[in-house]
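The values are calculated or read from the model by the stated rules, or taken from the named source; none is laboratory data. The model shown is predicted, which means the values in this text are computed figures rather than measured ones. Here the Cβ positions follow ideal geometry from the backbone for every residue, glycine too, while neighbour counts run over all protein chains shown.
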């Protein structure tokens, strides 16, 4: 990572240390129970491959089909995601570093700002680390302790899965398979569609490339947002309570974000659709799991939790699950699974944000069909 005088824009080691220190401990399990959970998750991840591929009719490319599956604890999830952040944010931080180098007192800003940002990033990661069940890490590093492949790696966060299955009082074996079906769908999406990773990365880099906020202002905006959560106040409606992404948006970034929102809605909605489609055949208690999990997903865990979800843009992610699943279901009902799979042909066949809300428009554009 670019640095001036040895000082990085973000103190990544401090971010990891802060997150690991602050993250809540996982549920109590014996060593034998922990081993069994890990082994079962690995078995379910492997079994999910056949279930998902058979239902979606998507076949991974030969060079990308064997991406790693890692069962991790909360600290492992933090470390993996920090490495991903470093890879994705590199160009933006280089740009900000160059701009800061010419500022009066730039060295002081670097020494202080890097540590402050590291602590704040660690705080956010500690919040997320106890909530994520699984993740297909698209931009995984190809070297290091938790190395991935050129197309990513699948992470399953064992403590969180155990905690949620206990909270929901659902069958643990069914729940673990159900989670694996969702995450395996994401792995299949990226391994079966070779251009998808590069397309999303180019959109992200275009978004970051449009960032014109100077380092001091960016740090101050993030700091103000975090400090606004100090009293556990819920975000205000209207102009207040913006997410971190919204804090630094330009008009060009809003256009890019619209495209990214559409593709993420597609990916999340597709995973939910597949999970529901495969579930009844292989997960006996899927109806009970789905009902309880949907209630939990929609509710939050209090005022501070709601404020953090808004700040991080997680409310938008919940809408992506809902809107994307409706899009996939409507398209499959209209043109079948093979017809839906034309969505993976190229970036031009991805749905727009408008089409996510109006699936018939996508069908008309890609298939040349209308209801008339």
Quick check: anything in region 192-206 in contact with a helix residue (DSSP H, G or I) (Cβ under 8 Å, 6 or more places away or on another chain), crowded, with 17+ Cβ neighbours inside 10 Å, over 24 Å from residue 354 (Cβ atoms) and at pLDDT 60 or above? yes
Residue pairs within 7 Å by beta carbon, gap of at least six or interchain, first lying in region 361-372 and farther than 14 Å from residue 343 by Cβ, second surrounded by 15 or more Cβ atoms within 10 Å (Cβ to Cβ) and at pLDDT 90 or above, listed first then second, are 369/363; 370/364
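Output the residues belonging to region 107-118 that are more than 21 Å from the chain's Cα centre (by Cα) and at pLDDT 80 or above. Please lay out each step first, then the result.
So in region 107-118, the residues more than 21 Å from the chain's Cα centre (by Cα) come out as 107-116.
Within region 107-118, just 115 meets the criteria.
Do we find that residue 225 is surrounded by 15 or more Cβ atoms within 10 Å (Cβ to Cβ) and at pLDDT 60 or above in this structure?
Working: surrounded by 15 or more Cβ atoms within 10 Å (Cβ to Cβ): yes; at pLDDT 60 or above: no.
So residue 225 does not fit the description; no.
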